[in-house]
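Read through the structure below, which is laid out as C-alpha cells, and then see the notes.
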Amino acid sequence: NPKKLLLLELNEFALYTISEELKKLNKNLKIIPLLANIQNLPRLTEVFKTFRIDTVYHAAAYKHVSLVEENICEGVKNNVLGTYLIAKIAIQHRVSNFVLISSDKAVRPTNIMGASKRLSELCIQGLYSENKDKNIKFAIVRFGNVLQSSGSVIPKFKKQIKHGGPITLTHPEVTRYFMTVTEASQLVIQAGAMSEGCEVFVLDMGQSIKIKDLI
C-alpha cells in the first residue's frame with residue numbers, strides 16, 4: 001500500500017503507456033510520471049529532494065546485446081554510470097531500499113551488455129561497502145529473459161513468423177532461461193523486502209531451454 005508511485009522514464013510514450021495502465025489498475029494510488037534521464041545529476045537530485053522516496057527499483061538499462069555491442073560508450077554510460085549516480089543519490093537522501101535489476105548475463109559475461117551489468121553490480125557493492133552508517137539496503141536481482149518484455153526476443157520471432165520467416169537464430173544450440181512478467185515482478189519486490197545488506201538474488205528458473213524448441 002504505497003502512498004505514491006513515481007515513474008521515471010526517458011521515453012515519453014513508454015512513460016505515458018505505463019502510467020495510464022497503472023492508473024486503471026489502482027485508482028486510489030497517486031501515480032506521478034516523471035520524464036528523466038538517470039545520467040542527469042541535477043534532474044535526479046531535484047526528484048529525490050522533492051519526494052521522500054523509500055524504495056528505488058532501478059531498471060533503466062540498455063539490454064539488447066547487439067545494440068550495446070555497436071554502441072559501447074552509450075551502453076556503459078547508461079548501465080554503469082547511470083546506476084552509480086542514482087545509487088549514490090539514494091544513499092545521500094537516506095532511501096531505505098534500493099533494488100538493482102541485473103541480468104544472468106552478468107555471470108561470467110561474454111558480451112559488453114553483460115559486462116556493463118556486472119560492473120553496475122560492482123558499483124552497488126562498492127558504494128554499500130563505503131557507506132559507513134548502512135542506512136540503505138541494496139538488493140541485486142539477476143534473472144533471464146522475461147517473456148513479452150521490451151527486451152524479450154519472443155515478439156521478434158512472432159513478427160518473423162507472421163511475415164512468413166525466416167526466423168533468425170544466432171546458433172541452433174543457443175539456450176536461455178525464460179520467466180513470465182508476473183514472476184519477474186514478484187522476485188523484484190520480494191528481493192527488496194528480504195534484503196539485509198547488499199545481497200545478490202537469483203530466481204530458480206529451472207532448466208534452460210533451446211530457443212529453437214521454444215519457437
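The values are calculated or read from the model by the stated rules, or taken from the named source; none is laboratory data. None of these values were measured; they are calculated from a predicted model. All Cβ positions, even for glycine, are placed from backbone atoms using ideal geometry, and neighbour counts span all protein chains on display. The area values use the complete protein model at the heavy-atom level, side chains included, leaving out ligands, DNA and RNA. Shrake-Rupley method; radii C 1.70, N 1.55, O 1.52, S 1.80 Å.
A few notes on this one:
- Rolling a 1.4 Å probe across all protein chains gives Ile161 an accessible area of roughly 90 Å².
- Span per principal axis, largest first, for the Cα atoms of region 4-88 (Å): 43, 27, 18
- Average Cα contact separation per residue, the chain, under 8 Å, 6 or more apart, as relative contact order %: 17
- The residues of region 79-194 have, on average, 52 Å² of accessible surface per residue, using a 1.4 Å probe with all protein chains present.
- More than 12 angstrom apart: percent of Cα pairs within region 1-44: 60
- Note on the chain: with a GNM built from Cα contacts shorter than 10 Å, the maximum mean-square fluctuation among His93, His58, His171 falls on His171.
- Estimated dipole of the chain in Debye, rounded to 20 [Cβ of Lys and Arg +1, of Asp and Glu -1, Cα centre]: 400
- Shown here: Cα extents along the principal axes in Å, derived from the displayed model; of the candidates [x] 53, 40, 33; [y] 107, 51, 29; [z] 58, 36, 36, it corresponds to [x].
- Most fluctuating residue given options Ala60, Ala87, Ala14, as computed from a GNM of the chain linking Cα atoms under 10 Å: Ala14
- For region 29-38, backbone phi angles converted through the Karplus equation (6.51, -1.76, 1.60; θ = phi - 60°) give residue-by-residue couplings of 8, 7, 10, 10, x, 10, 6, 7, 10, 5 Hz, Gly and Pro being listed as x.
- Cβ-defined net charge surrounding Ser102, 14 Å radius [Lys, Arg +1; Asp, Glu -1]: +3
- Here the chain carries DSSP beta bridges of which approximately 10% are antiparallel, counting only pairs with both residues inside.
- Most fluctuating residue given options Ile89, Ile189, Ile32, as computed from a GNM of the chain linking Cα atoms under 10 Å: Ile32
- Legend: Rg and Dmax of region 155-215, from Cα coordinates, 16.2, 51 Å.
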